[in-house]
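Read through the structure below, which is laid out as structure tokens, and then see the notes.
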Amino acid sequence: MDPRLIEWHQRLAGIAQNGLANSQDPFDRERFESIRTIAAEMIAENSTASISQVVDFLAIETGHATPKVDVRGVVFKGDDVLLVKERDDGLWSLPGGWAEVGETPKEAVAREVVEESGFQVEVSRLLALHDRRRHDLTPYPFAVYMLFFLCRLTGETALDNPETSEAAFFPRGELPGLSTYRVSTEQLNRVFRVCDDYGLPVELD
């Protein structure tokens, strides 16, 4: 999908969500619902979902529209990097997911790593903060900020997670197929560059 279309439908959906959150006038609310439907039509045109399904999906989000926060852990054993195999598409990703309310970013990524891989970690530093739209990922209806953290391996527990089926360490030059809904090769290369040179600043979009 053209990145401009992704940005346009996200902005329209955000305008509609903010308008519905703050307007009590029935005529204004009708206009904002129409804007949300237009955003849904743009998404449905480039996906297998119906317009009504997308409208229902967008309607789940209420209140002021803000980007979601996705956290990813970058964990090494020697020079090999930890990846997890996703059950939904059979492809691989850095362990991670949505941050939860009440967690600090460090707590969120440490929890996600142990939940998805079974490995316990200590979070060392922030490596990158990416705007999801800019990194060749499978389109997503909402705006997302992605935070990548370098983590130090401290322990291992039994893996039992409904979202992932396997965890393994891979040489950086021999990575398996990636789940581009979650992370791209371009992102990994940029994050690895920051890992290799502590003199580089956090990479920010």
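The values are calculated or read from the model by the stated rules, or taken from the named source; none is laboratory data. This one's a predicted model, so the numbers in the text were calculated from it and none came from an experiment. Counting neighbours? That spans all protein chains shown, and the Cβs are built from the backbone with ideal geometry, glycine included.
In the stretch 55-73, the residue that is nearest to residue 110 (Cα to Cα) out of those that are touching a helix residue (DSSP H, G or I) at 6+ places or on another chain (Cβ under 6 Å) and surrounded by 15 or more Cβ atoms within 10 Å (Cβ to Cβ) is 73.
Test residue 190 against the criterion of being touching an Asp or Glu at 6+ places or on another chain (Cβ under 9 Å), farther than 20 Å from residue 110 by Cα and not hydroxyl-bearing (Ser, Thr, Tyr), and give yes or no. So that I can check it myself, show each step before the final result.
Values: touching an Asp or Glu at 6+ places or on another chain (Cβ under 9 Å): yes; farther than 20 Å from residue 110 by Cα: yes; not hydroxyl-bearing (Ser, Thr, Tyr): yes.
The answer is yes for residue 190.
Scanning the stretch 160-205 for residues that are in contact (Cβ under 8 Å) with a residue 60 or more places away in the chain and either on the phi > 0 side of the Ramachandran plot or acidic (Asp, Glu) (or both) turns up 163, 166, 203, 205.
Would you confirm whether any residue within the stretch 120-132 is buried (at least 17 other Cβ atoms within 10 Å of the Cβ), closer than 20 Å to residue 189 by Cα and at pLDDT below 95? Yes, the stretch 120-132 has at least one match. List every residue pair whose Cβ atoms lie under 7 Å apart, where the two residues are 6 or more positions apart in sequence or sit on different chains, the first residue falls within the stretch 18-34 and is modelled with pLDDT of 85 or more, and the second residue, located anywhere, is of a type in the set (Ser, Thr, Tyr). So the pair list comes out as 29/23; 32/23. Cβ-Cβ contacts under 7 Å between residues 6 or more apart (or on different chains), taken from a first residue in the stretch 72-89 that is under 21 Å from residue 130 (Cα atoms) to a second residue that is crowded, with 20+ Cβ neighbours inside 10 Å and of a type in the set (D, E, K, R), are listed as 73/112; 84/116. Can you spot a residue in the stretch 17-38 that is in contact with a strand residue (DSSP E or B) (Cβ under 8 Å, 6 or more places away or on another chain) and either within 18 Å of residue 184 (Cβ to Cβ) or assigned to a loop (DSSP other than H, G, I, E, B) (or both)? No; the residues of the stretch 17-38 include none that is in contact with a strand residue (DSSP E or B) (Cβ under 8 Å, 6 or more places away or on another chain) and either within 18 Å of residue 184 (Cβ to Cβ) or assigned to a loop (DSSP other than H, G, I, E, B) (or both). Among residues of the stretch 37-50 that are more than 11 Å from residue 10 (Cα to Cα), those with a beta-carbon under 7 Å from a residue that is surrounded by fewer than 13 Cβ atoms within 10 Å (Cβ to Cβ) at least six positions away or on a different chain give the pairs 44/50. Testing residue 142 on (1) within 15 Å of residue 71 (Cβ to Cβ); (2) surrounded by 13 or more Cβ atoms within 10 Å (Cβ to Cβ), one condition comes back false. Which one is that? All conditions are met except number (1). The strands (runs of 3 or more DSSP E) located wholly in the stretch 76-179 that include 3 or more residues which are under 16 Å from the mean Cα position of the chain (by Cα) occupy 80-86, 96-98, 119-131, 144-156. Only one of the listed residues (137, 200, 188) is modelled with pLDDT of 95 or more and either out of contact with any Gly (no Cβ under 8 Å at 6 or more places or on another chain) or farther than 22 Å from residue 77 by Cα (or both). That residue is 188. Here residue 70 passes the criteria (1) part of a strand (DSSP E or B); (2) modelled with pLDDT under 85 except the one numbered (2).
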